[in-house]
Amino acid sequence: MTRHAPALVIGGGISGLVCAYALQKAGIDVLLVEASERPGGVISSVSHDGFLLELGPQSFTGSSQLRSLCANLGIVDQLLEAPQHAPRYVLVNGKLRVVPMSPPAFFTSSLINVPTKWALVRDIFGNSVPPEGDESVAAFIRRKFSGQLLDRLVGPFVSGVYAGDPEKLSIRSAFPQLHEDEKTSGSIVRGMLRLAKSKKGPRERSPLSTFREGNETLIRALANKLGSRVVTKTSAVNLYGQNDGSFHVSLEGASSDSVSARFVIFATPTDVTGNLLAQLDPSFAPLLAPIEYAAVAVISLGYMKQHVGHALDGFGFLVPRSSGLRILGTVWNSSLFPGRAPDDHALLTTFVGGATDPAAATLSPEELIGIVQHELASVLSINTPPRFCSATIWPRALPQYNLGHGERLASVKKSLARFPGLFLAGNYLRGPAIGACVEQALAVAEEVKGQLA
Ligand SMILES: Cc1cc2nc3c(=O)[nH]c(=O)nc-3n(C[C@H](O)[C@H](O)[C@H](O)COP(=O)(O)OP(=O)(O)OC[C@H]3O[C@@H](n4cnc5c(N)ncnc54)[C@H](O)[C@@H]3O)c2cc1C
């Protein structure tokens, strides 16, 4: 049977759900198909033994857009904010050191050497011009500042956001604002100050947030609003254009109907999107296929607080690759938000793998838990095994905004312009963070509304 819907969204992660919800709110009859049993994609919260685990993202930066989405969904009262001034740590020479979060703290921190501080002064008072072609994050930081800054702060930060390799990530695509600051102001610091000044009204607070019952609250609220418009256990497998300019999409799984839709929004990872689009035009496949994904393992361990030698007074810590450890970083969930662990217990979530350690994803959950347990024991002075362990491996966790990403996306956009009615949403377009996915999804919904009008 062929169902007719003005708009079909393929993929029910946060990107697809937000786009479908915005279309529904605008009075557009929308259908969303999701391949797996539950919507949410990599956002998944699980309660176990009194611990509240996040198997994917641990929290998100609360923008005004996300807040108003939560208000519309009626879940704003369930939002939790992490303490704003809690320190973040980085592991240097086997010790956890506080990351300087303000310019005065940067200049007085012993984590940063004098040449790096001078490089910052040079940036403030000097002028530099970005190279013509794309530049890696590592090359940018070495050119503007120092190898030490790259190793101790930028590299670990890049692991925290992209699980990426700074030698491969493109500064223009992964951190476009830094590139823009240098291009327009000749200085990163002056560029940042100029941007801050240009923003009118009170400065937006962007606290690290989650919900009382975990990140999945947002997914459940969106899915509830969409109701029967979300069809799970159903994959889009074929796509072709019809004479009237609409599209025919064949489905497989719980529903084997096909859908005829004027608008199709792809909120799927690039391999799936590329394969579907290649059925319309084979030139899409080589454009989307080179976008690499990093695999990440998420290991949650629960300990009795009395067995942890560190006060766990902060967000957690990141680990420079030069340390020789395999863990990329650990979030101290129970120090950030209430209700993450039973009384007297601590919940610690650790990330392993990423673009610099692809072999980690081939290890078994037991091996990964063993590595994390061993490394955490030395960093946090823990002398007993955890009371609780969980390991989740995401083989295609995060898209890599590597060198050439911008050009690849520009080519995809150009090819897509030949098919009005087709749109892209997802974490490889505007940034991998949940907030960026929401922003992109809402922008697509606006475009669809514009075309309908
Ligand atoms: C381990 C990890 C930690 C992270 N940490 C953070 C964090 O702390 N803060 C933050 O802001 N962000 C974080 N992120 C990033 C953020 O969570 C993701 O970028 C975002 O959730 C991706 O959403 P999406 O909808 O674009 O993609 P996905 O969640 O990947 O959703 C795509 C959906 O498409 C479905 N699909 C695939 N093929 C088909 C098909 N043929 N037909 C129908 N459906 C299909 C999939 O089943 C999936 O549900 C993290 C991500 C990971 C993996």
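Scanning the range 398-453 for residues that are within 16 Å of the ligand (Cβ to nearest atom), farther than 25 Å from Glu216 by Cα and of a type in the set (A, V, I, L, M, F, W, C) yields a count of 4.
Taking the range 321-355 as the range and being of a type in the set (D, E, K, R) and touching a residue at least 12 places away in the same chain (Cβ under 8 Å) as the test, the residues that pass are Arg321, Arg326, Arg340, Asp344.
Within the range 250-265, being more than 9 Å from the ligand (Cβ to nearest atom), of a type outside the set (Gly, Ala, Ser) and not in a loop (DSSP other than H, G, I, E, B) holds for Val259, Arg262, Phe263, Val264, Ile265.
For the range 89-116, the candidate set comprises residues that are closer than 22 Å to Glu180 by Cα and in a helix (DSSP H, G or I); within that set, the residue that is farthest from the chain's Cα centre (by Cα) is Thr116.
Exactly one residue among Pro290, Pro286 is at pLDDT below 95, within 30 Å of Arg430 (Cβ to Cβ) and under 20 Å from the mean Cα position of the chain (by Cα), and that residue is Pro290. Is the range 418-429 home to any residue that is of a type in the set (D, E, K, R) and assigned by TED's automatic domain parsing to the domain that holds Tyr303? No, the conditions are met nowhere in the range 418-429.
Would a scan of the range 71-82 turn up a residue that is in contact (Cβ under 8 Å) with a residue 24 or more places away in the chain and of a type in the set (Val, Ile, Thr)? Checked the range 71-82: at least one residue is in contact (Cβ under 8 Å) with a residue 24 or more places away in the chain and of a type in the set (Val, Ile, Thr).
Answer yes if at least one residue in the range 18-28 is touching a residue at least 24 places away in the same chain (Cβ under 8 Å), out of contact with any Lys or Arg (no Cβ under 9 Å at 6 or more places or on another chain) and part of a strand (DSSP E or B), and no otherwise.
No, the range 18-28 contains no residue that is touching a residue at least 24 places away in the same chain (Cβ under 8 Å), out of contact with any Lys or Arg (no Cβ under 9 Å at 6 or more places or on another chain) and part of a strand (DSSP E or B).
Give the residue that is surrounded by the most Cβ atoms within 10 Å (Cβ to Cβ), with candidates limited to residues of the range 56-70 that are within 14 Å of Asn215 (Cα to Cα) and polar (S, T, N, Q). Applying the filter and picking the extreme gives Gln58. On the basis of being part of a strand (DSSP E or B) and either in contact with a strand residue (DSSP E or B) (Cβ under 7 Å, 6 or more places away or on another chain) or more than 17 Å from His48 (Cβ to Cβ) (or both), does Ile393 make the cut? Yes. Is there a residue being within 16 Å of the ligand (Cβ to nearest atom) and surrounded by fewer than 20 Cβ atoms within 10 Å (Cβ to Cβ) anywhere in the range 126-137? Among the residues of the range 126-137, not one is within 16 Å of the ligand (Cβ to nearest atom) and surrounded by fewer than 20 Cβ atoms within 10 Å (Cβ to Cβ), which makes the answer no. Contact map, the range 426-453: first residue more than 16 Å from Val264 (Cβ to Cβ) and among the charged types (D, E, K, R), second residue within 11 Å of the ligand (Cβ to nearest atom) and in a helix (DSSP H, G or I), Cβ cut-off under 7 Å, separation 6 or more or different chains; pairs are Arg430/Ala436; Arg430/Gln440.
Screening Thr2 against (1) of a type outside the set (A, V, I, L, M, F, W, C); (2) touching an Asp or Glu at 6+ places or on another chain (Cβ under 9 Å); (3) more than 15 Å from the ligand (Cβ to nearest atom); (4) at pLDDT 95 or above leaves a single unmet condition, (4).
Among the residues making up the range 377-426, those that are under 20 Å from the mean Cα position of the chain (by Cα) and of a type in the set (Gly, Ala, Ser) are Ala391, Ala397, Gly404, Gly406, Ala425, Gly426. Of the listed requirements (1) in contact (Cβ under 8 Å) with a residue 40 or more places away in the chain; (2) out of contact with any helix residue (DSSP H, G or I) (no Cβ under 6 Å at 6 or more places or on another chain), Leu312 misses just one: (2).
Note on the range 352-390: among residues that are more than 12 Å from the ligand (Cβ to nearest atom) and part of a strand (DSSP E or B), the one that is modelled with the lowest pLDDT is Phe388. Please identify the pairs in which a residue from the range 390-418 that is surrounded by 19 or more Cβ atoms within 10 Å (Cβ to Cβ) has its Cβ atom under 7 Å from the Cβ atom of a residue that is of a type in the set (Lys, Arg) and not in a strand (DSSP E or B), counting only partners at least 6 apart or on another chain. The qualifying pairs are Gln400/Lys168; Asn402/Lys168; Leu403/Lys168.
Step by step: first the residues of the range 11-55, then only those that are of a type in the set (S, T, N, Q) and near the ligand (Cβ under 9 Å from one of its atoms), then the one that is farthest from Asn215 (Cα to Cα). Which residue is that? Spell out the reasoning first.
From the range 11-55, those of a type in the set (S, T, N, Q) are 15, 24, 36, 44-45, 47; that's our starting set.
Filter once more, keeping what is near the ligand (Cβ under 9 Å from one of its atoms): 15, 36.
Values: Ser15: 14, Ser36: 18 Å.
It comes out as Ser36.
Restricting the range 161-186 to residues that are buried (at least 21 other Cβ atoms within 10 Å of the Cβ) and under 18 Å from Gly126 (Cβ atoms), the residue that is farthest from the chain's Cα centre (by Cα) is Glu182. Within the range 222-257, if we keep just the residues that are of a type in the set (Ser, Thr, Tyr) and closer than 19 Å to Leu276 by Cα, the residue that is surrounded by the most Cβ atoms within 10 Å (Cβ to Cβ) turns out to be Thr234. Within the range 219-245, the set of residues being near the ligand (Cβ under 10 Å from one of its atoms) and assigned to a helix (DSSP H, G or I) comprises just one member, Ile219.
The values are calculated or read from the model by the stated rules, or taken from the named source; none is laboratory data. Computed from a predicted structure; not experimentally measured. Cβ: placed from backbone, ideal geometry, glycine included. Neighbour counts: every protein chain shown.
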